[in-house]
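The block underneath contains the structure these notes are about, expressed in structure tokens.
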Amino acid sequence: MPENRDALEALARAHVRQVAFAVKTNVMYDGSLDDESPVHGSAVSFKIGDYLHIFEKFDANWWVGRKVKEGSDIGFVPSPDRLEQLILQKAPVGKLDRVKTGAGANGPPTAPQQQQGQENGQGGEEGAAGVRVSAPPVIEKKKGLLGKKCETLSPYDVVPIMRPVIMVGPSLKGYEVTDMLQKAVFEFLKNKFEGRIIITHVGADLSLGKTSVLNNPSNRKLLEKSSLSRAKDLAEVQAEIERIFDLSRNMQIILVDCDTINHPSQLGDTSLAPIMVYLKITSTKVLQRLIKSRGASQSRNMNIQIVATEKLDQCDAEQFDLILDEFQLEDVCEHIAEYLEAYWRATRAPRQPVLD
């Protein structure tokens, strides 16, 4: 069968191709029940919030890719059009308009938006031929005096191929204790992952890079008219985000040293999908002693640093990908190195089996 041969060749090509782009999923999909995959049994299943590497677009309904998970093989990923078909074939009539608006066009989505609403990959409606798939979440956005505007998320958000690692804590950037501890971890990782890591500094305020602004021309025009300095800031932030996307194509670990990021919520509505790392000092007294040890100039700003630490402590653990709360710096370094080594392996597809 020609189609099957072409599909097998596409899978084989992917093992020697570079990743074309990456997405974060806003829907769940159970590929084990999808009999329409170009190669039987090769559809890639995923939950909401998973990350996928895409190697190529096979046709209007299928992409070639894999889940970013250690041992996950390359297979066929449903395109936004394919997901739309599955959802519409089973969705009640009253939901059709809502579902259709979030399905997106064939090809990589161009306006990534942060997932809100559904928080796990369980459940979902049955689509065509019993395939389990969920509709994209609907979020409400303020619309001035006219009330709220409902918007359906795209099934996929485009994200960097290698998620940038961004560290916060134990307190505020720009103060000696936080800068000193983070620099020590950076130096360790630079040596540990020599040849596999890029450490880059960003001075621009990445929290301004909200997808709702950068991807909406009308919003950008309003902001540009309101303030020339604001427009300059947005242009700088967009350039930095694009630079991080470009760096991610090297398939190396990207460690971003951000001057302005001190809380995970600052990057919640950007397309960066960072690996958020919290360098945590569990004892306030220990932090106070460290601050005092840096001299009078740091002690004068004791309160603001303690408040920042308290704000981080109030975060849900789910807001971080990794919390480093070991007492010894050596243990902290080994913990993050172990995590990043596992992430490195997850981003590499298994070797293609040798066929007789």
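Read-outs: derived from the displayed coordinates by stated rules, not from any lab. All of these numbers come straight from a predicted model, not from anything done at the bench. Heads up, the Cβs are rebuilt from the backbone with ideal geometry, glycines too, and the neighbour counts pull from every protein chain shown.
Here is how the numbers come out for the structure above:
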| item | result |
| --- | --- |
| Added length on full extension, which subtracts the Cα-Cα distance from 0.36 nm per residue, ASP331 to ALA317 | 3.1 nm |
| Fully extended contour minus Cα-Cα distance, from GLU70 to ARG243, at 0.36 nm per residue | 59.6 nm |
| FRET efficiency estimate (nearest 0.05) - Cβ-Cβ, GLN298 to ARG230, R0 22 angstrom | 0.10 |
| Inter-probe distance in nm under a simple model that places probes 7 Å from Cα toward Cβ, at VAL307 and GLU338 | 3.7 |
| Restraint check, LYS69/LYS173; LYS47/LYS232; LYS210/LYS311; LYS24/LYS285; LYS69/LYS280; LYS67/LYS173, Cα-Cα greater than 30 Å | LYS69/LYS173; LYS47/LYS232; LYS24/LYS285; LYS67/LYS173 |
| Loop-located GluC sites (Glu not before Pro) in region 302-335 whose Cβ has at most 16 other Cβ within 10 Å (DSSP) | GLU326 |
| Equivalent ellipsoid dimensions for region 1-79 as semi-axes, Å, which come from the Cα gyration tensor, largest first | 19, 15, 11 |
| Shape of region 19-64, Cα gyration tensor, a/c cut at 1.5 | oblate |
| Order of MET276, MET302 - criterion: other Cβ atoms within 10 Å of each residue's Cβ, fewest first | MET302, MET276 |
| Sequence of SER299, SER79 once ranked by neighbouring C-beta atoms within 10 Å, starting from the fewest | SER299, SER79 |
| Sorted by Cβ density within 10 Å, fewest first, the residues SER265, SER72 | SER265, SER72 |
